[in-house]
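Here's the structure, in structure tokens; my notes come after.
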Amino acid sequence: MAIKKFMYVNRKAPYGTVYALESLEVVLIGAAFDQDVSLAFIGDGVYELTKGQDTKAIGQKNFSPVYSALGDYEVTKIYIEKESLEERGLTLDDLQHLIWEDEDDDYAEKDSIRLVSRAELADVMAEQDICLSF
Amino acid sequence: MKFSIQINEGPYQHQASDTAYQFAKAALASGHEIFRVFFYHDGVNNATKLAVPPQDDRDIPKLWSELSKENDLDLVVCIAAAQRRGMMDADEAKRQGFEDNNMNEGFRISGLGQLIEAGIESDRLLVFGA
């Protein structure tokens, strides 16, 4: 079967609507299909990766720790849109540090996060076969 | 061309399902193939057999069911999304110990892998809603 380029585009805050959680569920299932997978976080979607989330007061499950397991699912390309971070007064330091282990390089830990401009992300999107937006 | 369709919103609240339906109908009429329609998020509610819209309005779940019957369309409802929202077919209802089910004819319940497969197998995957 031919390998396609799948991009999951995350555009919503982690709570308030279920899109972020159900997007993550698709990513985890989709990882079993050995496709070329990347994730993009744009707009309020950048909040999905913020550190130190505490959902106790809203009675919902805090699913943010799952993002740190993406590397184990061989999801290693995570694009963060620079402008979206800036517009929200955030920097990369506010986000989880997501890494993956490169089997081919003695399991060296490598950064999954790629900070890109809006224009650069548009180019990456244009290269995809499939963009699923959430 | 071989299309697949993902519908992310429920009927009436949002136009996604209407637009997807019109697209599917037009594509089939033009000789294209629809490999699969996948219902996700609140889109699973399009599969209900219990909707009773006003007589002068369209019956969206029924339109899908009929389109499926006429064209042998594969209408797949995501099981994870459906379980959260209380949408189930006869088998799933039995498995969960419920007497009744609420899924319309022509729809079937399956997993998210069916969405990924649809993306792989189709020339285009179109996402409606969200």
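Please treat every number below as a calculation from the coordinates, not as lab data. This structure is a prediction, so every number in the text was calculated from the model and none was measured. Cβ placement follows ideal geometry from the backbone for every residue including glycine, while neighbour counts extend to all protein chains displayed.
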If I model a spin label at residue A:123 and residue B:15 as a point 7 Å from the Cα along the Cα→Cβ vector, what separation in nanometres do I get?
3.5
So in the protein assembly as shown, what percent of DSSP beta bridges are antiparallel if you round to the nearest 5?
15
Which chymotrypsin sites (Phe, Trp or Tyr not before Pro) from the range B:38-109 combine a DSSP loop assignment with at most 16 other Cβ atoms within 10 Å?
B:98
Give the separation of the Cα centroids, the range B:52-101 to the range A:45-71, in Å.
32
Using Cα-Cα distances under 8 Å and only pairs 6 or more residues apart, what relative contact order does chain A have, in percent?
32
If the cut-off is 23 Å between C-alpha atoms, which lysines fall inside it for residue A:4, apart from same-chain ones fewer than 8 positions away?
A:77, B:2
What Rg and what Dmax come out for the range A:5-133 when only alpha-carbon atoms are used, in angstroms?
14.2, 43
Counting only other chains, what is the mean number of Cβ atoms within 10 angstrom of the Cβ of each residue in peptide A:22-31?
5
Peptide A:33-45 - average C-beta neighbours from other chains (10 Å radius)
1
Averaged across orientations, what area in nm² does the convex hull of the alpha carbons in chain B project?
7.7
Net charge of neighbours whose Cβ lies under 15 Å from the Cβ of residue B:18, counting Lys and Arg as +1 and Asp and Glu as -1
-2
Ratio of the Cα radius of gyration of the protein assembly as shown to 2.2 N^0.38 Å, where N counts its residues
1.07
Counting alpha carbon pairs within less than 8 Å and at least 6 residues apart, what relative contact order, in whole percent, applies to chain B?
36
Give the aspartates and glutamates reachable from residue A:12 as a straight Cα distance under 18 Å; neighbours fewer than 8 places away on the same chain don't count.
A:22, A:25, A:44, A:48, A:54, A:81, A:83, A:86, A:87, A:94, B:9, B:42
Over the C-alpha atoms of the range A:56-118, what are the Rg and the largest Cα-to-Cα span, Dmax, in Å?
14.0, 43
To test your reading of the geometry: what angle, between 0 and 90 degrees and rounded to tens, separates the Cα axis of helix B:16-29 from the longest principal axis of chain B?
50
Fewest-first ordering of B:21, A:73, A:107 by Cβ atoms within 10 Å yields A:107, A:73, B:21
